Structures are given as structure tokens and as C-alpha cells.
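The block underneath contains the structure these notes are about, expressed in C-alpha cells.
Each reported figure results from applying straightforward, stated rules to the coordinates on display, with no laboratory input. On a predicted model such as this, the values are computed, not experimentally measured, just so you know. Virtual Cβ from ideal backbone geometry, glycine too; neighbours counted across all protein chains shown.
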Amino acid sequence: MPQLNGMDAGEQLKKSLPLTKIIVLTMSEDFEFAVYALRHWAAGYLLKKSAGSELIKAIQEVAKGRTYVTPQVAQRMLEEFVRDPRADHETHLTKRQKEVLQLLAEGHTMRQVGALLEISTRTVAFHKYQIMQEHGLKTQSDIVLFAIKWHVLPSPI
């Protein structure tokens, strides 16, 4: 989609047609994206690699007024809930973590972030890796997406 990503399109579609049931069909196994979509606009979350029969099951469940989440993502959601049952745990970042996250997501190096915040590079690394570990982030792209999703960094669209 050249003008809009799937998450934004789903939100806009739900606003325009609030009674429409939307099933996300995605390659992303990121449970945080699933949680966000299901909380805000989606009725189901399914992976593209799922079998065709699972799509049929998802459609049937959503048609009955239920929510469907593919087992691979549902398991991760359950594990995270058991680990921390607070519904909003993913947005619990300290002020310093938000500052570090924003600057890293903007493309600054850890050394640059340290200089801008007047803290050591080692402290920046501590915050970066703590955020990554707590939220299952593995790459710089994950950091950017996480920062956009939780409004630490404005969406480019």
C-alpha cells in the first residue's frame, strides 16, 4: 500500500465502517501489533503462513461475534500476560527510556544520544538493551516501529 500502512488503514476503515469486522492477515508475528490491532479495530489476527483452513475458521469465529487470534501469536500474548498481567505494561517506559528510545529511533548513535542527554554511552546502552529485552525487540527497525506505535516518535505518514 503506497499511501498507508495496514495498521493505519485498519483504523481508518473501522472509523468509517464501525460495524465492519476486520481480520488482519499479516506476516508479522509481533504480539504487540496484534494486541494493538485487536484492542482498537481488528476482530481477528491471522498469519499469512497459516493454512487456508485457519482463515476459514477465523472468518467463522468473527462472524459469530468472537475474536480469533492465530495460535502462534495467541501463545505469545498469553506468555506476556502471565509475565505481566497489566494491560498497559508495554507503555510503561521511564522518562529517560522514552528520551533514549526517541533519539535512537530518529537514527542517532548511542554515542550521539549520550552526548545529547549528557549521559554516558554505557548508560544509553543499558537503557536500549533493557527496552529491547522487555519488549522483544531485536533490530533497529523494531526499535523504530515500537517508537512509532507507542507515540514516542511521530508516524512518518
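Under a point-charge model restricted to the Cβ atoms of Lys and Arg (+1) and Asp and Glu (-1), what is the dipole moment magnitude of the chain relative to its Cα centre, in debye to the nearest 20? Present the calculation step by step, with values, prior to reporting the outcome.
Details: 20 positive and 17 negative charges, 38 e Å.
Dipole magnitude for the chain comes out near 180 debye.
Sort 36, 68, 129 by Cβ crowding within 10 Å, fewest neighbours at the top.
Details: 36 18, 68 24, 129 11.
Least to most surrounded, the residues fall as 129, 36, 68.
Give the residue from 9, 19, 72 lying farthest towards the positive end of the charge dipole for the stretch 6-83; charges sit on Cβ (+1 for Lys and Arg, -1 for Asp and Glu) and the dipole is referred to the Cα centre.
19
Sum -39500 (n - 2.57) across every DSSP H segment of at least 4 residues in the chain, then divide by the residue count to get the 222 nm mean residue ellipticity, nearest 500.
Values: 8 runs with 90 residues, N = 157.
Helix contribution divided over all residues of the chain: -17500 deg cm²/dmol.
Taking the alpha-carbon distance from residue 98 and a cut-off under 20 Å, which lysines remain once sequence neighbours fewer than 8 residues away in the same chain are dropped?
128, 138, 149
Which lysines have a Cα lying under 24 Å from the Cα of residue 57, excluding residues fewer than 8 positions away in the same chain?
Cross-link targets: 14, 21, 48, 49.
How big is the stretch 6-83 by Rg and Dmax over its Cα atoms, in Å?
Considering the stretch 6-83 through its Cα atoms, Rg and Dmax are 12.0, 36 Å.
List the residues, sorted by chain then number, that are 5 or more residues from residue 26 or on another chain and whose placed amide H is less than 5 Å from its amide H.
The answer is 46, 47, 48.
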